[in-house]
Amino acid sequence: MQKDRRYLHKNAEIGFELPKTAAYVETRLKELGYTPKRVSRCAIIAEIGQGKDGILLRADMDALPIKERSGEPFACKAGYMHACGHDLHAAMLLGAAAILKEQETKLQTRVRLLFQPAEERLEGAKECIRFGVLDGINAATMLHVLPSMPFERGTLIVSSGGVSAPAADFFDITVTGKGCHGSSPWQGVDGLLVGAKIVSALEVLSSREISPLAPTTLTIGKFQAGDAGNVIAAKALLSGTLRSLDEKAQEYAKKRLQEISRGVAKTLRARARVQFRSGCPCLQNDEKVSDFALGVAKEAVGEEKVIPSSELPKGGVGGSEDFAYIAQKLPSVMVGICAGSRGQGFDEPLHSPRVRFDEECMPYGAAYLTAFALGAETLLKSL
């Protein structure tokens, strides 16, 4: 798994453009005795076991457009980075695939392995579903690594029934003003200034308009405007994400985001166009699948290394996960795995250019995935 993880990390790719990643995963699956199949643009599935019913083990495998500064000897130098740990996810599923091949005679149901692209764009799962990846499947699970945690590496955090990841929408706000000479700004309409006022005005959403009982976070992560210091910018582009653990609050925030952006721009003699791109719903975990996952996790890694999420302090809005689309279709559960403890060199959060992960967590993840598959017949009888 370490060898697989480091190759994938060093050769990080993004979105649906994963030629090296997909080819490597295919080769490894063939070496393990599987017959992998390409789905959609670059998703890969492989099956083991037999029977009418089946379960899905899913791992994502795309990276982020981040310049890596982790200091790892296998760091990616292409301007991309596995800063969300999808390289570990794919490596753990390959590890589980190896064990399941050895235990094939013990499987009482079909197990489908999915190596998914474009999770970071919240587009991959939806496309895989459209191409039939869930056909003949009755339940699903996934792992997500968590660095900078106050728990031992390999600790599994099993999502309790209910929402474990927020709904999300990616958006662009295009501001159109009028350019002019910087010495006479009254002759133009400053797109940069209007964009800045929109950023400031949008703060009212979480601070004044949405209840703290429906945690909602709006982030502007990209702001582009202007070409020279002595020119009033004619245009500005703002890009960001909107997330909420309450889908009604999400819809309200989307409506108000448009109204505020257009209203501020109009007041300042400019125009604003809001475009929503990809997104995903809240990730709803099935209670029966969660209870089953909790049991097999304890058997696989020891009761002391398994925590139900309901026992953790309630937090705010975390990262979204397009596994939510799969969970909409099938009873499913998301499981977190601690991949580095604070104070032991793993203090950076996900999506940081300096984030590092403790590879020693991977055997615990592979053990969980294997146990989920080997015990799946019991689960499917209860659904």
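A 1.4 Å probe, protein heavy atoms only, puts the accessible area of Val296 near 10 Å². Within the set (i) 19.8; (ii) 25.2; (iii) 21.5, the number that mean projected area of the Cα convex hull in nm² takes when calculated for this structure is listed as (i).
With both labels modelled 7 Å from their Cα along Cα-to-Cβ, the Gln344 to Asp135 distance reads 4.5 nm. Only one residue of Gly85, Thr35, Ala97 has its Cα farthest out toward the positive end of the dipole of segment 24-106, where Lys and Arg carry +1 and Asp and Glu -1 on Cβ, and that residue is Thr35. Over the chain, accessible surface divided per residue gives 45 Å², non-protein components excluded, 1.4 Å probe.
Among the trypsin sites (Lys or Arg not before Pro) in segment 12-74, those placed in a DSSP loop whose Cβ has at most 14 other Cβ atoms within 10 Å are Lys52, Lys67, Arg69. Each label was represented as a point 7 Å from its Cα along the Cα-to-Cβ direction; for Trp186 and Ala23 these points are 6.3 nm apart. Note: segment 252-383, Cα convex hull, 175 Å³ per residue. Go ahead and run the numbers for FRET between Glu360 and Tyr7, Cβ-Cβ distance against an R0 of 22 Å, rounding to 0.05. Computed FRET efficiency for Glu360 and Tyr7: 0.75.
DSSP bridge analysis restricted to the chain gives an antiparallel fraction near 65%, rounded to the nearest 5. Just the number, please: carbon plus sulfur as a percent of the accessible area of segment 83-172, 1.4 Å probe, no ligands or DNA/RNA counted. Here it works out to 47 percent. The length gained on full extension between Gln275 and Lys288, counted as 0.36 nm times the residue separation minus their Cα-Cα distance, comes to 0.9 nm. What accessible surface, in Å², does a 1.4 Å probe find on Ile66, ignoring ligands, DNA and RNA and rounding to the nearest 10? Looks like 40 Å² after rounding. Among the protein heavy atoms, those of Thr217 account for about 60 Å² of accessible surface (1.4 Å probe, every chain in place).
Taking the dipole about the Cα centre of the chain, with the C-beta of Lys and Arg at +1 and of Asp and Glu at -1, give me whichever of Leu350, Ala236, Pro73 is farthest to the positive side. The one lying farthest along the dipole's positive direction is Ala236. Computing FRET efficiency as 1/(1 + (r/R0)^6) for Lys67 and Gln103, where r is the C-beta to C-beta distance and R0 is 35 Å, gives about 0.25. In straight Cα distance, which lysines are under 20 Å from Lys178, not counting same-chain residues fewer than 8 positions off? Within reach: Lys197, Lys235, Lys266. Taking the longest Cα principal axis of the chain as reference, the axis of helix 247-267 is set at about 20 degrees.
The values are calculated or read from the model by the stated rules, or taken from the named source; none is laboratory data. Remember, it's a predicted structure, so these values are computed and weren't measured experimentally. Glycine also receives a Cβ, built like all others from the backbone with ideal geometry; neighbour counts cover every protein chain displayed. Ligands, DNA and RNA are excluded from the accessible area calculation, which covers all protein heavy atoms including side chains. Shrake-Rupley method; radii C 1.70, N 1.55, O 1.52, S 1.80 Å.
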